[in-house]
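This report concerns only the one structure given below.
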Amino acid sequence: MGLLDRLRPRSTRVGIFVDGPNVFREEFDVDLDELRNIARGEGTVALARVYVDENATGGLIQAAEARGFEVVTTSGDVDVKLAVDAVEATVAEQIDTVVVVSRDTDFKPVLETASKRGLRTVAVAPGTYGRSDALRNAAHDEITLE
């Protein structure tokens, strides 16, 4: 490793995990491009996943894939799969920043685990009505989509 390599900051690897059933609802106007831009604002996007259940529309799946998101479809609980994947990426040191897009308090332990391991955490809420105080308080930074 040369001097320039040591002086050059390491690129921050970002993982964005989107809770589809809790975010893509009629009362919220969530833009996939905006979510991608939020992740890019944190660093290099290493993981970008939208989690959906078997009721997800083909249009949502197609739109997410067209914007560079991996779509993870589960017949079980979306929350469990998202949480396990996010913690796994944290523990495996695949990412440096965790971005969770949800209004669900269930993801508080994900943010806490990442933070304990030295990762930066960001909680993104789909709107003021959909904001979780527990997620906001557990994260280093919080963003509310308008």
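Coordinate-derived values only; no laboratory data. Just so it is clear, the structure is predicted and the values come from calculations on it, not from any experiment. Every residue, glycine as well, gets a Cβ built from its backbone with ideal geometry; the counts of neighbours run over all protein chains shown.
So here's what we get for this one:
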quantity	calculated
Extension gain from Arg40 to Thr74, taking 0.36 nm per residue of separation minus the Cα-Cα distance	9.6 nm
Expected 222 nm ellipticity per residue - DSSP helices of 4 or more, -39500 (n - 2.57), all of the chain, to 500	-11000 deg cm²/dmol
Computed magnitude of the charge dipole of the chain (debye, nearest 20; Cβ of K, R +1, Cβ of D, E -1)	780 debye
Rg and Dmax [Cα atoms of the stretch 63-146; Å; Rg one decimal, Dmax integer]	12.7, 34
DSSP beta bridges in the chain [antiparallel fraction, %, rounded to 5]	0 percent
Between the stretch 77-115 and the stretch 54-75, the Cα center-to-center distance that results, in Å	19 Å
Contour excess over end-to-end distance, with Cα ends at Arg117 and Glu93 and 0.36 nm allotted per residue	7.7 nm
